[in-house]
Structure formats: C-alpha cells, structure tokens
Amino acid sequence: MTKLSVNINKIALLRNARGANYPNVCEMALLCEKYGAEGITVHPRPDERHIRYKDVMDLKPLLSTEFNIEGYPSPTFIDLVLKVKPHQVTLVPDAPDALTSSAGWDCLKHATFLLEVLDAFCSKGIRTSLFIDTDNKQIEQAAKLGADRIELYTGPYAERFAKNPESAIKPYVQAAQTARKNGLSINAGHDLNLQNLPYFKLSIPYVEEVSIGHALIVDALHRGLENSIQSYKNCLK
Ligand code: PXP
C-alpha cells in the first residue's frame with residue numbers, strides 16, 4: 001500500500017488571505033484524516049505565506065496519522081522540526097523566495113551540510129527523506145549520507161506524462177530501482193494528480209508515500225462546488 005499524505009499548504013494560503021482563522025488549518029487536517037488521508041504534510045517557508053511555524057506546533061498533538069514536515073533546513077526550520085519531532089522530515093533545497101520546489105538536492109555538493117543535518121534528525125528518531133531528481137549518482141550519495149528515504153521529484157514526470165507516459169515514467173522506474181538497491185525507501189511528490197497518479201503507482205508499486213497538495217485541493221473545489229452552490233441557493237429560497 002502506498003500512503004497518501006495530504007499537503008495542506010493551500011488550505012493555509014486560503015486562511016491567510018483573510019486574516020482570520022478560517023478555514024481552520026487544524027480542523028481541516030483532522031477532516032483530511034477522517035476522510036482517509038494516511039498522513040499530513042506541511043511545508044513551512046521562511047515568509048510563512050501559507051503554513052506558519054505556529055501551525056506546525058499546533059498540528060503535532062492533534063494528528064493521529066503520519067506527520068511529514070518538509071522544507072529547506074535553515075536554522076529556524078531545524079529548530080522547529082527538532083522541537084515538534086514529526087514522524088518524518090523531508091529536506092528540500094528550495095531558495096527562501098522559491099514559488100515551489102523545482103529540483104532535487106545536489107547531494108555531492110552539499111554532502112557535509114546534509115550529513116550534519118540528517119544526523120541531527122536521525123539522533124532524535126525522526127525519519128529523514130531527501131528530495132531528489134532521477135539521477136543515480138545523487139541517489140547513491142543520498143544513501144551514503146544516511147537518509148532513510150528519498151522523495152522523487154515528480155514535476156518532470158507530470159510535465160511529460162500527457163505526451164508520452166512510457167518515456168515519462170522510465171527514469172523514475174530506474175531511479176526507484178537504484179534507491180531500492182541502495183537500501184532507500186521511496187516517497188514521491190509534486191504535480192501528481194488523478195490523471196498521472198495511477199500510472200505512477202502501477203509502474204512503481206513499492207512507493208511508500210506520495211504527498212499531494214495542489215491538485216487534490218483543486219479537485220476538492222471541483223467536486224464540492226455543485227453541492228456548495230446548491231446549499232447557498234437553498235438558503236435563499
Ligand atoms: N513535495 C514537495 C517537496 C513539495 O515542495 C511539494 C509542494 O509543496 C509537494 C511535494 C506537493 O506538490 P503538489 O502541491 O504539486 O501536489
């Protein structure tokens with residue numbers, strides 16, 4: 001079974017648009033769990049434009065599924081994760097002003113830094129995962145650095161999927177095999193959706209976890225819109 005971890009950044013973005021606590025991020029996370037999510041992912045960024053550091057603290061005691069905190073390991077991020085002690089931390093090499101994550105780590109270039117950071121989390125019993133492109137050398141290095149898992153960056157897969165699913169998935173199957181050979185478990189995420197997810201799962205059945213945010217929240221709007229409009233119209237009868 002591949003677990004679905006719901007990334008709730010977009011819910012926080014909606015809350016932040018109005019200043020008040022609506023929608024309530026903690027309440028929505030609990031609803032995600034109630035409706036079957038097997039994990040909750042948050043990606044606090046330095047400008048706190050969606051998930052805030054306080055949200056991460058508030059969520060921890062409430063959640064009953066896997067809690068995954070992802071982000072760039074700045075000193076503030078590291079402190080937060082060590083304090084909250086989630087099940088998993090996913091390290092992402094995104095710049096402070098990045099719109100969204102768009103590449104995996106260069107584990108060779110940043111080996112010393114990553115070794116130190118991974119060790120800090122590992123010594124507190126937090127499972128570690130590195131966001132990675134489909135590059136054998138990087139995957140082998142991730143294993144050498146002591147990461148428990150890699151999260152395959154699926155943006156390029158999603159982009160190529162519509163044109164040619166077979167060629168889009170090929171590097172991922174090969175990367176997943178390399179990860180397995182090197183003792184790494186595999187997560188995946190970014191731009192996964194209802195169209196491209198079934199083929200990804202079919203091709204790499206042993207993926208441990210996918211984290212999905214953007215498309216899932218858009219689908220929730222699509223699927224809930226009719227019901228919401230009818231409910232409002234009922235108020236006006
Ligand atoms: N994995 C990582 C490292 C991310 O930064 C994100 C986006 O926050 C995701 C997965 C989820 O991507 P999406 O929102 O496109 O489903």
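No lab work stands behind these numbers, since they all come straight from the coordinates. Because the structure is predicted, anything quoted here is derived from the model rather than measured. Note that each Cβ is placed from the backbone with ideal geometry, even for glycine, and that neighbours are counted across all protein chains shown.
Structure notes:
- The Cα trace of region 97-237 gives Rg and Dmax of 18.6, 66 Å, the first to one decimal, the second as a whole number.
- If the Kirkwood radius is taken over C-alpha pairs of region 51-99, then at 4 °C and 1.567 mPa s the Stokes-Einstein diffusion coefficient equals 114 µm²/s.
- Estimated from the Cβ-Cβ distance and a Förster radius of 45 angstrom, the FRET efficiency linking ALA98 and SER228 is about 0.90.
- Tail beyond 17 Å, pair distance distribution of region 1-62 (Cα, percent): 35
- Counting only residues at least eight positions apart within a chain, or on another chain, the lysines with an alpha carbon under 17 Å from that of LYS109 are LYS137, LYS144.
- The value obtained for the chain, namely the Cα convex hull volume divided by the number of residues, is 132 Å³ per residue.
- Region 115-162 shape via C-alpha gyration tensor axes, a/c threshold 1.5: prolate
- Computed extension length for LEU82-LEU115: 10.3 nm, one decimal, from 0.36 nm per residue of separation with the Cα-Cα distance subtracted.
- Straight-line cross-link partners of LYS60 among the lysines, defined as a Cα under 20 Å from its Cα and at least 8 positions apart when in the same chain: LYS3, LYS10, LYS34, LYS83, LYS85, LYS124.
- Extension gain from ASN21 to SER74, taking 0.36 nm per residue of separation minus the Cα-Cα distance: 16.4 nm
- Counted over all Cα-Cα pairs of region 27-157, pairs farther apart than 19 Å make up 49 percent.
- In the chain, helical runs assigned H by DSSP with n ≥ 4 each contribute -39500 (n - 2.57); averaged across all residues and rounded to the nearest 500, the mean residue ellipticity at 222 nm is -14000 deg cm²/dmol.
- The alpha-carbon atoms of region 145-228, seen along their principal axes, cover 49, 29, 18 angstrom, with the largest extent given first.
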